[in-house]
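Visitor: Let me give you the structure first, and then I'll get to my questions.
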Amino acid sequence: MAKAERTLFTVGVFKDVAWAQRGIDALREQGFPQAVVSVLAKDGPEAASFVQKVTGAEPEKLELPTLGAVVGRGSLVGVLQGPARDLPQVGIAGAIRRAGFQPHDGLIYETLAGKGGVLVAIEDPARASDALAVLLSYGGGNAAIGAWAGRV
């Protein structure tokens, strides 16, 4: 029986857009391309333009339980949405298993984003530890690699 391919994300939450920009600049300096970066933040003019600048695409707008209106873009947002596109019903904590994290991680990410934090995720399994080092070095709070993919 063939094992299903799972993606691997490295996630951290920066305290605001300015800190997230520094972290993403550092990721780019380390060779991480725009295509592997996902961003999710509470909706607002600064957040929406930041998401568009970082990802190169118009941000998707969602209404999430606990967080309210958010903007985001990137492969993490698609994975969290799932086939049923139920992220607006279950929230980050309810959907985070799809990205290889435990629900308590999702609660932490929701709490930090709710306080104005900017969630940044990198989808690059071969360089997950490099991404983690950059996130931690530049203020990415609770940065972790979604190691539980396929085991939960």
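Visitor: Considering the dipole of the chain built from charges on the beta carbon (Lys and Arg +1, Asp and Glu -1) around the Cα centre, which of PHE101, PRO45, GLY116 is farthest to its positive end?
Guide: Comparing the listed Cα positions along the dipole, PHE101 ranks first.
Visitor: Using only alpha carbon pairs under 8 Å that are at least six residues apart, calculate the relative contact order of region 18-119 and give it in whole percent.
Guide: Numbers: 151 pairs, mean separation 25.5, N = 102.
Answer for region 18-119 is 25 percent.
Visitor: Sticking with this one: Just to confirm my numbers, what's the Cα centroid distance between region 98-133 and region 25-80 in Å?
Guide: So the two Cα centres are separated by 12 Å.
Visitor: First measure r as the distance between the Cβ atoms of GLN34 and ASN142, then evaluate 1/(1 + (r/R0)^6) with R0 = 22 Å and state the FRET efficiency to the nearest 0.05. Write out the running numbers ahead of the final one.
Guide: Values: r = 24 Å, r/R0 = 1.07.
Taking R0 as 22 Å, the efficiency between GLN34 and ASN142 is 0.40.
Visitor: What dipole magnitude, in Debye to the nearest 20, does region 9-145 give about its Cα centre under +1 on Lys/Arg Cβ and -1 on Asp/Glu Cβ?
Guide: Numbers: 12 positive and 14 negative charges, 14 e Å.
The dipole magnitude comes to about 60 debye.
Visitor: In square nanometres and to one decimal, what's the mean projected area of the convex hull around the Cα atoms of region 9-145? All intermediate terms of the calculation are to be shown ahead of the outcome.
Guide: On the way: hull surface 27.3 nm².
So the mean shadow area of the Cα hull is 6.8 nm².
Visitor: Excluding GLN52 itself, what net charge comes from residues whose Cβ is under 13 Å from its Cβ, given Lys and Arg +1 and Asp and Glu -1?
Guide: Working: positive: LYS53, LYS61, ARG73; negative: ASP43, GLU46, GLU58, GLU60.
Once all neighbours under 13 Å are counted, the net charge is -1.
Visitor: Okay, helix-only estimate at 222 nm for the chain: each DSSP H run of n ≥ 4 adds -39500 (n - 2.57), divide by all residues, round to 500 deg cm²/dmol; what do you get?
Guide: On the way: 6 runs with 62 residues, N = 152.
Here the helix-only value at 222 nm equals -12000 deg cm²/dmol.
Values in this text are rule-based calculations from the coordinates and carry no lab data. The shown structure was predicted, so the numbers you read here are calculated from the model rather than taken from an experiment. Every residue, glycine among them, receives a Cβ derived from its backbone with ideal geometry; neighbour counts consider all protein chains shown.
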